[in-house]
Amino acid sequence: MIEQRIADPVATVTVTIDGAPVTMPETATLLEASRAAGADVPTLCYLETLTPFNSCRLCVVEVAGSRTLVPSCSRMVEEGMEVQTDSDRVQHTRRMVYELLDSTVDLSLVDDETTRQMERYGVRTNRFGDGYRRTEAVKIEDDLYVRDYEKCIMCYRCVAACGPDAQNTFAIDVAGRGLTSTIATEYDITLPDSACVYCGNCVGVCPTGALMFTSEYRMRESGDWDEDRQTVTTTICTFCGVGCNLELHVQDNRIVKVTSPMDHEVTSGHLCIKGRFGYAHIQSESP
Amino acid sequence: MFRGSRERSSADDHVAYGGLASAESRRNLLLPTLHEVQSSVGWVSHGALNYISERLSVSPAEAYGVATFYDLIATEPRPERVAHVCDDIGCLAAGAGSMLDDLRDRLGEPDEFGGSIAWTRSPCLGQCEKGSAAFIQVAGGDDVVVAPATAEQVIEILHAEKPQPSVSPSPIRQDTRLLGRTTLSLSHHESHGGLEALRKALTMLPGDVVDEVTASGLRGRGGAAFPAGIKWRAVGAEAGPKYVVCNADESEPGTFKDRVLMEEDPYRLIEATTIAGYAVGADKGYIYIRGEYPGALRRLSDAIEEVRDRGYLGGNIAGSDFSFDIEIRRGAGAYICGEETALFNSIEGFRGEPRQKPPFPTQAGLFGRPTLVNNVESLMNIPAIVLEGGAAFASIGTEESTGSKLFCVSGNVLGPGVYEAPFGVSTRDVIDMAGGVDGDLQAVLVGGAAGSFVAGDQLDVPLTFEDASAAGISVGSGVVMVFNTEVDMAPIVSRIATFFRHESCGLCVPCRVGTVRQEESLIRLRTAEDRDEELALLADLDVVMRDSSICGLGQLATVAVQSAITIGLIGAKS
Ligand SMILES: Cc1cc2nc3c(=O)[nH]c(=O)nc-3n(C[C@H](O)[C@H](O)[C@H](O)COP(=O)(O)O)c2cc1C
Ligand code: SF4
Ligand code: SF4
Ligand code: SF4
Ligand code: FES
């Protein structure tokens, strides 16, 4: 006998986004509703595959009746909500958040989307004099990935990926409190000494380049990193039978980085050490 | 298609945390265990942390994240005795600056932990009526408080064979509804009519107890002024297991009423918490008490044992079907843990970071269960409400602010201390109750560091929730801190900004970075050529922090600063 499970129908709710009604499943977030309505809402700490941490506050929107602005990435739609996605208050927060981040950390390697949004909101750099800036030496502890926390915006994505959202290894967490908090292993021991299993999933979710594969880091150092010369080939990992999709980033006929598509059924963008780093034999030059 | 996000199920958490049940039964022991190690050896070593992690099934990185969150837990070697000396606004106004100078002359710079003793500066220790205070961590013994404190006394205790606390009794000059009833034992409490309210409540239907609380109009005394009846009803309507949490983390600068209440009358708090448990159908109560309150902690834990021995806590209370017990949890030096959802995380053994609301505690609070959180002072009103009825309580005070309020009066007044008055009195009235200003009045900080500076006509605004909010100020936790014209206000306002920068948990950008930018700007403002530019920057920070911080800490961290600018205490052209 074939059992077939029929999903319960999902109730829908209607909200007003920038004056236009949008009907969404009740499990949708305000971010999903806003984007469905065509609104251009920036995010930074949010990633579809991770539990929202609400830390950056870039996705805030103005909801009628709410004293404060509301983070759209985590707030569920409710019947009748009236939402403005780009009001003066919203614009003020977004510009200030970018300015505050830019004044503390090195945003030079953020993604193109963030660069575009910073231009859109007219972000002014250097408004805060020469106050506090995050300073920390780059951590290079092995050949697999490096950590440059001067670029870290404390979005918590890597902590979620290493922890309950993907890897369940819990090798890193936020340490300290407030301004000087950092992402760290216990007592800041090196990664090889820690519980890290080198899945590279933290690197895969990092939005700022604070975490970077050593291959990429070295090539950037020597000025050889050139994304225009790279091709991406999608294949399936040969190490075991799970069937993870791999994206091989290849420059000058050498693999320089391995990722996995975020929307892939099996991986959600996450891999293990073999798929992520086990490619040296492919390009070994010794006979 | 996507994993994670909202689709993470409890089954996933089961895999991640070795079962939810064990997360509840073991992980929540993390902070108490760290406290244990800290208080026996003075710091938590890597080896100790690894051992704790293994025994509690918490990853060492996470345990380290928790340990480093708290000021009172050290993860680097520290001497066995460390004095935390208050350099916050209340003590500064009262003249403690010279004591700090004295200490530096005799002990050297703060935060030098290499020697056999050390000292560090501390945010408000909740002893403001004494004018100076130190909290001394003693490895292998009991932590002690010295208040008022001289450099001489602090040094003596740092060297003493067996350190003894030295705290002058809080001056209580009145017998009022909440004050003046120092109970020494449970029978003493009973001779004041203690336990009668609990016995009466047990004869009522839980819903009827909630109805009385609703009828009383009682609003929360922890700062947010939320109507208690609404929370009690909401928790009562949920399915169990449920919890009651008494918020005794009192760390708002200038606030010390909850400490006085717990030291004077711990039995009444236990009775009230138990009544709350009965009314909302909770299985267990927690009292989360500030780590720097060793005196109140000792009074409360002794009292809980006494009450349990007499059958008023534990199984079948006073022969009824109702079973309930109370556990004390000790904070470890983090103001943010007074925020209710951060407090839950702290008890659960996570970093004390607030959670984004909704869901509200009444739906998903401690251990994800429906939870009633109330402040100490809020709960202390419950026995009278049960005995006299909600209507009688509502007849005191004003329509929207019923009952009486405790005011924590400190700074330049002749009689600093806790004063109780029915709602309706103004700031000026409260200062008069405390014997008047010592010197000429410059300004008053009303509501704490998260409140505002007031002067002039605003001193006559009745300190009710409705009048205060109409006037753009807030009753907050009842702080009335007085500054005379001798006090240089710029350092005071800067100290408030420093407080928020130090206490920000760091989770969200507007507060984590905004608090330091505010602090820096205030320092520049003192000498700035172009004050308008700094004032514009401060105003921009004010808007983003109020609009978009996750919790009340960031949302209110600019209020006092902005009020100081508005009434001309700082930033005016000289
Ligand atoms: C940063 C911050 C600190 C807080 N500290 C305390 C505190 O120390 N004690 C307290 O009772 N409430 C504190 N609160 C308020 C609590 O979140 C909560 O509203 C209160 O405990 C509810 O009790 P009530 O309704 O009886 O006032 C704080 C809130 C914030 C945002
Ligand atoms: S590589 Fe994997 S195990 Fe190591 S820290 Fe990153 S996510 Fe955690
Ligand atoms: S290292 Fe990257 S992913 Fe981790 S918190 Fe920093 S910016 Fe976010
Ligand atoms: S407002 Fe401040 S204290 Fe509150 S969550 Fe944000 S960073 Fe933490
Ligand atoms: S994307 Fe929503 S808070 Fe960062």
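The values are calculated or read from the model by the stated rules, or taken from the named source; none is laboratory data. Everything numeric in this text was worked out from a predicted model, so none of it was measured. Here the Cβ positions follow ideal geometry from the backbone for every residue, glycine too, while neighbour counts run over all protein chains shown.
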Inset, instruction - Could you pull out every one of the strands (runs of 3 or more DSSP E) wholly within the stretch B:76-183 that has 2 or more residues that are in contact with a His (Cβ under 9 Å, 6 or more places away or on another chain), over 30 Å from B:Lys405 (Cβ atoms) and of a type in the set (Val, Ile, Thr)? - result: B:117-122
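Let's see how each residue does on (1) out of contact with any Lys or Arg (no Cβ under 9 Å at 6 or more places or on another chain); (2) more than 16 Å from ligand 4 (Cβ to nearest atom):
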{"position": "A:Ala36", "(1), (2)": "yes, yes"}
{"position": "A:Leu47", "(1), (2)": "no, yes"}
{"position": "A:Glu78", "(1), (2)": "yes, yes"}
{"position": "A:Ser87", "(1), (2)": "yes, yes"}
{"position": "A:His92", "(1), (2)": "yes, yes"}
{"position": "A:Thr104", "(1), (2)": "no, no"}
{"position": "A:Leu107", "(1), (2)": "no, yes"}
Legend entry - Residue in the stretch A:185-202 that is farthest from ligand 3 (Cβ to nearest atom), counting only those that are within 22 Å of B:Tyr70 (Cα to Cα) and more than 7 Å from chain B (Cβ to nearest Cβ): A:Ile189
Inset, instruction - Could you list, in sequence order, all residues of the stretch A:7-31 that are surrounded by 19 or more Cβ atoms within 10 Å (Cβ to Cβ) and within 12 Å of chain B (Cβ to nearest Cβ)? - result: A:Ala28, A:Thr29, A:Leu31
Inset, instruction - Among residues belonging to the stretch B:55-76 that are within 12 Å of chain A (Cβ to nearest Cβ) and over 26 Å from the mean Cα position of the chain (by Cα), point out the one that is surrounded by the most Cβ atoms within 10 Å (Cβ to Cβ). - result: B:Ala61
Legend entry - The listed residue being more than 27 Å from B:Gly333 (Cβ to Cβ) and within 11 Å of chain A (Cβ to nearest Cβ), out of B:Arg546, B:Arg531, B:Arg524, B:Arg512: B:Arg524
Inset, instruction - Test each condition in (1) at negative phi; (2) in contact (Cβ under 8 Å) with a residue 60 or more places away in the chain for A:Tyr156 and report the one that comes out false. - result: (1)
Legend entry - Criterion violated by A:Ser194 - all others in (1) away from ligand 4 (no atom under 16 Å from the Cβ); (2) at pLDDT 95 or above; (3) closer than 19 Å to A:Asn54 by Cα satisfied: (3)
Inset, instruction - Check the stretch B:126-134 and report whether any residue there is closer than 20 Å to B:Ser170 by Cα and among the hydroxyl-bearing types (Ser, Thr, Tyr). - result: yes
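Can you confirm whether A:Tyr149 is in contact with a Leu (Cβ under 8 Å, 6 or more places away or on another chain) and more than 16 Å from ligand 1 (Cβ to nearest atom)?
Considered against the rule, which asks whether it is in contact with a Leu (Cβ under 8 Å, 6 or more places away or on another chain) and more than 16 Å from ligand 1 (Cβ to nearest atom), A:Tyr149 comes out as no.
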Inset, instruction - Filter the stretch B:515-574 for residues that are in contact (Cβ under 8 Å) with a residue 60 or more places away in the chain and within 22 Å of A:Ser181 (Cβ to Cβ) and give the result. - result: B:Ile550, B:Cys551, B:Gly552, B:Leu553, B:Leu556, B:Ala557
Legend entry - Sole exception among (1) away from ligand 1 (no atom under 16 Å from the Cβ); (2) within 8 Å of chain B (Cβ to nearest Cβ) for A:Gly178, by number: (1)
Legend entry - Restricting the stretch A:132-175 to residues that are closer than 30 Å to B:Leu535 by Cα and either assigned to a loop (DSSP other than H, G, I, E, B) or small (Gly, Ala, Ser) (or both), the residue that is farthest from the other protein chains (Cβ to nearest Cβ): A:Thr135
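Kindly evaluate A:Ser66 against the criterion of being surrounded by fewer than 20 Cβ atoms within 10 Å (Cβ to Cβ), under 19 Å from the mean Cα position of the chain (by Cα) and more than 9 Å from chain B (Cβ to nearest Cβ).
Taking the combined requirement at face value, the residue does not satisfy it.
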Inset, instruction - Within the stretch A:231-240, identify whether any single residue is closer than 26 Å to A:Lys139 by Cβ and either of a type outside the set (A, V, I, L, M) or in contact with a helix residue (DSSP H, G or I) (Cβ under 6 Å, 6 or more places away or on another chain) (or both), and answer yes or no. - result: no
Inset, instruction - Determine whether the stretch B:306-329 contains at least one residue that is over 26 Å from B:Gly389 (Cα atoms), away from ligand 3 (no atom under 16 Å from the Cβ), aliphatic (A, V, I, L, M) and surrounded by fewer than 23 Cβ atoms within 10 Å (Cβ to Cβ). - result: yes
Inset, instruction - Kindly check whether there is at least one residue in the stretch A:117-131 that is part of a loop (DSSP other than H, G, I, E, B), more than 11 Å from chain B (Cβ to nearest Cβ) and of a type in the set (Phe, Trp, Tyr). - result: yes
Inset, instruction - Read through the list (1) part of a loop (DSSP other than H, G, I, E, B); (2) more than 12 Å from chain A (Cβ to nearest Cβ); (3) modelled with pLDDT of 95 or more, then give the number of the only condition that B:Cys505 fails. - result: (2)
Legend entry - Complete set of residues in the stretch A:255-287 that are part of a strand (DSSP E or B) and either basic (Lys, Arg) or not assigned by TED's automatic domain parsing to the domain that holds A:Arg229 (or both): A:Lys257
Legend entry - Test: residue in the stretch A:133-151 that is away from ligand 5 (no atom under 16 Å from the Cβ), within 30 Å of B:Ile336 (Cβ to Cβ) and of a type in the set (Val, Ile, Thr): yes
Legend entry - Positions within the stretch B:516-553 being under 15 Å from B:Ser452 (Cα atoms) and buried (at least 23 other Cβ atoms within 10 Å of the Cβ), in sequence order: B:Leu553
